[in-house]
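Encoded as structure tokens, the structure appears first; notes follow it.
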Amino acid sequence: MRRTKNLSKRKWFILFGNPAIYFLMGTTNAGTKEPLALLEEALQGGITHFQLREKGRGALTGDALAEFAAECKGLCREYGVPIFINDDVELACTIEADGIHIGQDDMDCGQVRKQIGASMALGVSVHSVKEANEALTCGATYLGMGPVFGTRTKSDAKPPAGVAEIIKVKTQYPHVPVIGIGGIEPGNAEMVWRAGVSGIAVISSIAGAQDVAGQIERFKQSIPGRRVG
Ligand code: 3NM
């Protein structure tokens, strides 16, 4: 069912209050599906967060990307789901996204916080307590940590790291939302939840599913204590 919510009035600090099923996608992840149709299937299926991550061969750029991003935002608004933009401050500001996500090699995190101001959420990929500390010092709202498992989606991904560093970061910063990413599927998600994450971020296991809504339901059932049936 569609819900219309004014997310601009929503403060970022409650963005990860409930377990998050955070879907990442760009046009190059949609396979044979029409990208916006795939996003809408995922929204209907109950994703809680969306990140536009437009990467790889054939990725949209310039006006085409801005137009696609605005369409994604419109759809996300209809379902009351916050939209994040990967790596592109200008695009995030142009479409007034709810947040931006950057990696360690992308941009200086403090500089990004200055550019986006205080009200936009900032996600930063980190791999250690040290990087977590640096990201939080320059104003990160949440941390992404991965790859937990092997992934073929990100060509320059580091070796699989499991959940050990996630547990260390959560021990040091229990109140900071951490999102696990990389090779997460319904069958291996439980150990990620048990490491204390606020959410799991997924590309291929949702984008490539025949039954997108069914797959999202399986992810929901992987949340300890939330199993249904
Ligand atoms: N970042 P899939 S792994 C975008 O380790 C991304 O920071 C990673 O895709 C990291 O769910 C990754 O298909 C790819 O494995 C996630």
Of all accessible heavy-atom area on the range 18-221, the percent that carbon and sulfur account for (1.4 Å): 49
Proportion of all alpha-carbon pairs of the chain beyond 22 Å (%): 48
Highest-fluctuation residue, Ala97, Ala42, Ala59 considered, GNM on the chain with Cα pairs under 10 Å: Ala59
Viscosity 1.306 mPa s, 10 °C: Kirkwood-radius Stokes-Einstein D of the range 162-209 over Cα pairs, µm²/s: 143
Most fluctuating residue given options Pro82, Pro35, Pro174, as computed from a GNM of the chain linking Cα atoms under 10 Å: Pro174
Heavy-atom accessible area ranking, 1.4 Å probe, most first, across Ser155, Ser204, Ser222: Ser155, Ser204, Ser222
MRE, 222 nm, helices only [DSSP H, n ≥ 4, -39500 (n - 2.57), over the chain, to nearest 500]: -10000 deg cm²/dmol
Residue (of Gln172, Leu36, Ser204) at the positive-pole extreme of the range 18-221, dipole from beta-carbon charges: Gln172
Per residue accessible area in Å² of the chain, where ligands, DNA and RNA are left out and the probe is 1.4 Å: 48
Magnitude of the charge dipole, the range 18-221, Cβ model with Lys/Arg +1 and Asp/Glu -1, debye to 20: 680
Surrounding net charge for Gly150, when Lys and Arg each add one and Asp and Glu each subtract one, Cβ distance under 14 Å: +1
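The values are calculated or read from the model by the stated rules, or taken from the named source; none is laboratory data. Remember, predicted model here, so these are calculated numbers, not experimental data. Note that each Cβ is placed from the backbone with ideal geometry, even for glycine, and that neighbours are counted across all protein chains shown. Surface areas here come from the heavy atoms of the whole protein model, side chains and all, with no ligands, DNA or RNA. Shrake-Rupley method; radii C 1.70, N 1.55, O 1.52, S 1.80 Å.
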